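Report on the following structure.
The values are calculated or read from the model by the stated rules, or taken from the named source; none is laboratory data. From a predicted model like this one, the values you see are computed outputs, not experimental measurements. Reconstructed Cβ throughout: ideal geometry from the backbone, glycine too, with neighbour counts over all protein chains shown.
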Amino acid sequence: MDLIYIFDDEAGKETLHVRAELYKYLIKVRRHKEGDILHFRSRVDLKLLHTYKLESLEPRSAELTLISSEVKEVKSSKSLHIGWCAIDANAIEKVLPSLCEIGVQRITFILCERSQKNFKLDFKRFERLLEASMQQCGRSNYIEFETCKSVKEFIAKHPDTKVFDFSDNTLANYSDISTVLIGCEGGFSPNERAFFKSLGSFRLDTPMILRSESAALAVASKILL
């Protein structure tokens, strides 16, 4: 898949030099040539889209000149915050690019009662995975990441949360959901269910049991797309 834009922290300068791995990708793999138009964003100011013309090619580098810079933000028209009871980081990493493309705004990873206690989340690595997805789908902002010590603490901070859980309630309209809570493998504990009972819960219209990461994707799609 081609890139909608390219991350380069030098983007915005009048002249841009591309070398090393990016040069190999753009010239050897994508076969860009002199005269082609390419788009770049800098991590310093993601809302700006910089348009360059590929002016000249050398054996190991390419020189591009700036044509224009404009504010062009690409993000979901809706805002969704997922409170996600922590699961294995490898499972999270597999679905992060898709959650990015769907338009999830924020994910809070919660240490719930049935979460593995030794989980480690590498947010820097998550951001690198997001960047690859953002360049391909065009999105111009990162998913925000944070952590929370318990379901109780999360609900206290976000009392408007809707809970995805085993339930008789299937929703006809998801448009009013801005914060959703999703359990880990094994679901919520009886104590947690008792705590958020007053919030009400919902399920999707399927007889299958969804894995935690599948639930995150499915619920986000219902709400945002």
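Please go through the range 189-211 and pick out each residue that is assigned to a helix (DSSP H, G or I), touching a residue at least 60 places away in the same chain (Cβ under 8 Å) and closer than 16 Å to S167 by Cα. Walk me through how you get there before you give the answer.
So in the range 189-211, the residues assigned to a helix (DSSP H, G or I) come out as 190-195, 197-199.
Next, from what is left, pick out any that are touching a residue at least 60 places away in the same chain (Cβ under 8 Å): 191-192.
Within the range 189-211, just E192 meets the criteria.
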Please state which one of I67, I92 is at pLDDT 95 or above, in a helix (DSSP H, G or I) and of a type in the set (V, I, T). I92
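Suppose we filter F123, F40, F119 for residues that are out of contact with any Leu (no Cβ under 6 Å at 6 or more places or on another chain), among the aromatic types (F, W, Y) and modelled with pLDDT under 95; which single one remains?
Details: F123 fails: modelled with pLDDT under 95; F40 fails: modelled with pLDDT under 95.
The unique qualifying residue is F119.
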Inside the range 13-43, can you point out the residues that are in a helix (DSSP H, G or I) and farther than 27 Å from Y142 by Cα? I27, K28
Filter result (more than 25 Å from T206 (Cα to Cα) and in contact (Cβ under 8 Å) with a residue 60 or more places away in the chain) within the range 148-168: C148, V151, F154, H158
Residue set V219, V180; condition outside any loop (DSSP other than H, G, I, E, B), in contact with a Lys or Arg (Cβ under 8 Å, 6 or more places away or on another chain) and either more than 20 Å from S115 (Cα to Cα) or aliphatic (A, V, I, L, M) (or both); output residue V180
Any idea which of (1) surrounded by fewer than 19 Cβ atoms within 10 Å (Cβ to Cβ); (2) in a helix (DSSP H, G or I) is the one M134 doesn't satisfy? (1)
